[in-house]
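Engineer: Can you read through this structure? Questions will come right after.
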Amino acid sequence: MKRILYVVIILVVIGLIAYPKLPKVTSTDADDAPSNTQSEKLTVNAIIVNSEQLANTVNVTGSLIADESVVLNSELSGKIEKISFKEGQKVTKGQTIVTLNDDEILAEIEKLQFTKKLNEDDEYRQKVLLEKEAISREEYETALTTLNTVKSEIKVLEARLQKHYIKAPFSGISGFRDIAEGSYLNPGARITELYRINPIKLEFNIPSKYISLVNNGDQLTFEVDGYDEQFTGEIYAIEPLIDPQTRSISLRAKARNDESKLFPGQFARVSLTLETIPNALMIPTESVIPELSGKKVFLYKNGKVTPAQVSTGIRTEDRIQVTSGINEGDTVITTGILQIGPGMPVNVTIN
């Protein structure tokens, strides 16, 4: 036991002597340790904010309508003698499209023409007698009144005769007809419908909040099914009434239709540019964080995350305009939004 005790005492003494001489870990060794602070930072994507031109565009739907359309009918009754138009074909203004039988009214006019001739002769004789003071002025005026009455009756019949020839009030394209030659036409019966489709009208609605940005003469583009092309139009009328149900306002535009590609009733997808902002700051929508007090984004400054309260404006498909809170040249973090916080050091990859 004494021997063992001596050995232990000797080992302790040797250890106390040797400990101060053992090599110590230096700061350089610590830097070479595998735990590297830089490598532990979260890497996020970011963009550098630049100003750009932004078109404030509203996309809505609308319908095409004819520039003018009218249902043609007759004011008189009569048998249809001739139909002078073809369905779906062009007609010109003043063209006779339907003729009603006019034999009876022509006979009445001819009869009155004979009466008129007799009255003219009578009026002439009475005038000669009046100059010779052989009759009174009253007798002459009676003859003159009779003549003028016959003339008026002829004018009435001639005006009625014109109604036997139903004419197109404007140039356009005729629709399907509801009549046939030889049939009897009653007053007010529908003959056909006439459409003027060049130019063609486009009717659509936009939210009333844009009313101050819309004016007559504004240009727009639209598309319709069946054609892989864009058509252009110009606003010519704004309805002076806001729909109380939808809080929208109606607008009408006109578009050229020289090739007759567009037809009334077609569905249209309208794109209207309300204004152009020359120096807009646009960032990805996913970088904006909604809060109870507003909205914020995370900026990358001096190697760390810095929050910034922002106000937003126009939203596009994948980006949003920032109207205040950031400046051109700022670096906005776009990924890792849920993993970062104020003051946190991060690595960034600029997209």
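The values are calculated or read from the model by the stated rules, or taken from the named source; none is laboratory data. Fair warning: this is a prediction, and the values are worked out from it, not measured in the lab. Cβ: placed from backbone, ideal geometry, glycine included. Neighbour counts: every protein chain shown. Just so you know, the surface numbers come from the protein's heavy atoms only, side chains and all, with ligands and any DNA or RNA stripped out. Shrake-Rupley method; radii C 1.70, N 1.55, O 1.52, S 1.80 Å.
Engineer: Can you work out which of the residues in the range 91-119 that are open to solvent by 60 Å² or more (accessible area, probe 1.4 Å) and acidic (Asp, Glu) is farthest from Glu68 (Cα to Cα)?
Structural biologist: Among residues in the range 91-119 that are open to solvent by 60 Å² or more (accessible area, probe 1.4 Å) and acidic (Asp, Glu), the one farthest from Glu68 (Cα to Cα) is Glu110.
Engineer: Ok, one more. Quick one: would you say Tyr227 is in contact with a Pro (Cβ under 7 Å, 6 or more places away or on another chain) and open to solvent by 40 Å² or more (accessible area, probe 1.4 Å)?
Structural biologist: no
Engineer: Next question. Pick out the one residue from Val270, Val305 that is of a type in the set (Val, Ile, Thr), in a strand (DSSP E or B) and either closer than 23 Å to Val214 by Cβ or under 32 Å from the mean Cα position of the chain (by Cα) (or both).
Structural biologist: From the options Val270, Val305, the qualifying one is Val270.
Engineer: Take the residues in the range 137-182 that are under 30 Å from Ile65 (Cβ atoms) and hydrophobic (A, V, I, L, M, F, W, C), then tell me which one is most open to solvent (accessible area, probe 1.4 Å).
Structural biologist: Phe176
Engineer: Now a separate question. If you go through the range 80-93, how many residues are out of contact with any Asp or Glu (no Cβ under 9 Å at 6 or more places or on another chain) and either closer than 20 Å to Ala159 by Cα or part of a strand (DSSP E or B) (or both)?
Structural biologist: Looking only at that region, the number is 3.
Engineer: Exactly one of (1) assigned to a strand (DSSP E or B); (2) under 30 Å from Leu194 (Cα atoms); (3) open to solvent by 30 Å² or more (accessible area, probe 1.4 Å); (4) not acidic (Asp, Glu) is unmet by Lys261. Its number?
Structural biologist: Result: Lys261 fails condition (1) only.
Engineer: Also, quick follow-up: Evaluate the following for Arg269: is it among the charged types (D, E, K, R) and loosely packed, with under 15 Cβ neighbours inside 10 Å?
Structural biologist: For Arg269, the condition - among the charged types (D, E, K, R) and loosely packed, with under 15 Cβ neighbours inside 10 Å - is not met.
Engineer: Only one of Ile326, Ile320 is part of a strand (DSSP E or B) and either within 37 Å of the chain's Cα centre (by Cα) or small (Gly, Ala, Ser) (or both). Can you tell me which?
Structural biologist: The match here is Ile320.
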